[in-house]
Amino acid sequence: MSFLAWIDFDQADRDRTRRIMDLFGQEDSRDELGLGSVRDSLADLMFPGTSTIQTRLRYMFFVPWIYRMAGSQKGTAAARRDHARALEIRLIEALVRGGETQNVIGSAARENLKRMPSDVYWAGLLTLGIRRFQGSRTACLEATPAEMGALWAPGLPPAPEDFLASSRSAAGFALSADEAGFLRDRLAQAAPASLYALLSRQTSAPECDMIWQHPARASWPDEIRTIVDHAERFSHLMHGASLLYNLMLSRKAADMQGMEGSAWHDRSAFYAESIESWAEETPVGLFADWDLSDLWFLSKATTHDVKPHSRRFIENWRDIVLQVDGRVLDNAQAHALVRDREVRLKGPKSRFRNDGALMRWSGASGTAPLNYRWTPVVSNHLKDLVHAG
C-alpha cells in the first residue's frame, strides 16, 4: 500500500513532497516494536528455508558447488577456507560476466564483500535438507575429501563443467530442469505441508504484492489458509502500530525543534494522514473473531520464541483498535501502549527518553506492511522454478 502521491500545486508543495520522499529513502527497517518473532514464525511456516537477504534460488546450488570444490583441495582447513572465499568472489565476476545485472550478492563490494553467499544461504540449505550436517562452514571444510560426499544431499546436480571459468561462465541464475526438479523434491521431503512446497509445483507465478492476494488462495488446504489468514491479519493490525510509532516520534522531534515548516513537521503531517488512511482502509472486523491463541500455538512449531510480553502487547493493541474502530491517531491508550512497548525494549536508548537517539533517527522505521519475505524473495524463487519448467 502506498500513501505517496505527487501534488500539482505550487513549488512549496512540490518541495515538501520531495523532502518526504527523500526521508523515506532512509528507512530504518529494524524491529522497533518487537514484532519480529511473530513475523518470522509466520514466514517460516509459509516459506521454510528462506530469509530476507536471499536473492535468487540458484544460490542453493552455487554454495554447495563451491564448498565441494574448496573441500576437495589438499592442505589445511584454513587454506580451504581461503579458497572457498576466493571462489565466492569469483562467482560474483562470473555472474556479472554471464549477463546478470541484478540480485548478484556482492556486485558492488566485490573482493571487499563481508557477507558471503554461503553465509546468506547456509541456514536455508540445512532446512531444505540440501546440507546434511549441522556444522558451520568452517566445520564443513575441515572434513576430508573422502568425507565431503556425505555432507550434501544425494542427487545434488553437479556443477556445470565451465562453472566459474575465466573465459566463459555458465553461472547464470536460470535453473536447469534437473536443478528445479531437485529443489521441488527437497521441498516435498523437508516441508511437504508448507505453502512454499505447494507453490513450487505450480506452473505459473502470479504477480501480487502480498501472499494473501494470490488468486489461488481459496483452493489451498485449510491448514495453509489458516496460516495465511493469520499473516494477513497480523500485517494489517501491526501496520497501524508502526505508523503510530513513527508519528509519535516525529511529533516529539517537531516539538523539540519548535519551528513550523521543518522536515519533522512534514513527517508528522504525513504519518497522521497515513494513520487516517490505514483506519479507513483496514476492515476492523478482520480482527474481531481472530483467535490469537491459535497463532501463539502455531508459532511454537518454529524456532522463534514469542515472549509473553510480546503476546500481551499484540493482544492489547488489537483490543484498542477494536474499541476505537481503528481511530488511534490521538487515542491516549494507543499512544501509551506504543510508547511503553518501545521503552521496555530499548530502555535508556528509547527514542522517547533519549533525545540524542531521537535526533539520530532516520525518520522512518518499519513503515511498510509486513510481507513475510513474499516480495521479492519468495516470488523470485518461484519464478525461477516456473521458468525452469
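Read-outs throughout are calculated quantities, based only on the coordinates presented, and are distinct from any laboratory measurement. The shown structure was predicted, so the numbers you read here are calculated from the model rather than taken from an experiment. Virtual Cβ from ideal backbone geometry, glycine too; neighbours counted across all protein chains shown.
When the alpha carbon gyration tensor of the chain is reduced to an equivalent ellipsoid, the three semi-axes, largest first, read 42, 25, 21 Å. Only DSSP H runs of four or more residues enter the estimate; each adds -39500 (n - 2.57), and after division by the residues of the chain the mean residue ellipticity at 222 nm equals -17000 deg cm²/dmol. Here segment 255-358 is treated with +1 on each Lys and Arg Cβ and -1 on each Asp and Glu Cβ, and its dipole about the Cα centre works out to around 780 debye.
When the charge dipole of segment 283-356 is built from unit charges on Cβ atoms (+1 for Lys and Arg, -1 for Asp and Glu) and taken about the Cα centre, the candidate among Leu345, Phe297, His309 whose Cα reaches farthest toward its positive end is Leu345. Hey, in the GNM for the chain with a 10 angstrom Cα cutoff, which one of Trp317, Trp220, Trp374 fluctuates hardest? With Cα springs under 10 Å in the chain, the top fluctuation among Trp317, Trp220, Trp374 is at Trp220. Close amide H pairs (under 5 Å, H built 1.01 Å from N) link Trp152 with Arg132, residues at least 5 positions away or on another chain. Put simply, the amide H of Ser365, placed in the peptide plane, has neighbours under 5 Å in Asp28, leaving out anything fewer than 5 places away on its chain.
Here the chain is treated with +1 on each Lys and Arg Cβ and -1 on each Asp and Glu Cβ, and its dipole about the Cα centre works out to around 1540 debye.
Dimensions of segment 59-190 based on its C-alpha atoms, expressed as ranges along the principal axes with the largest first, amount to 36, 32, 25 Å. When only the Cβ of Lys, Arg, Asp and Glu is charged (+1, +1, -1, -1), the dipole of segment 59-190 relative to its Cα centre reaches about 300 debye. With θ taken as phi - 60° and the Karplus curve 6.51 cos²θ - 1.76 cosθ + 1.60 applied, the whole-hertz 3J(HN,Hα) list for segment 133-145 is 10, 8, x, 7, 5, 5, 4, 4, 7, 8, 5, 6, x Hz, x standing for glycine and proline. Considering only Val120, Thr76, Val96, the residue lying farthest towards the positive end of the dipole of segment 59-190 is Thr76, judged by Cα position with unit charges set on Cβ. Alpha-carbon geometry of segment 119-170: the Rg and the Dmax are 12.9, 36 Å, given in that order.
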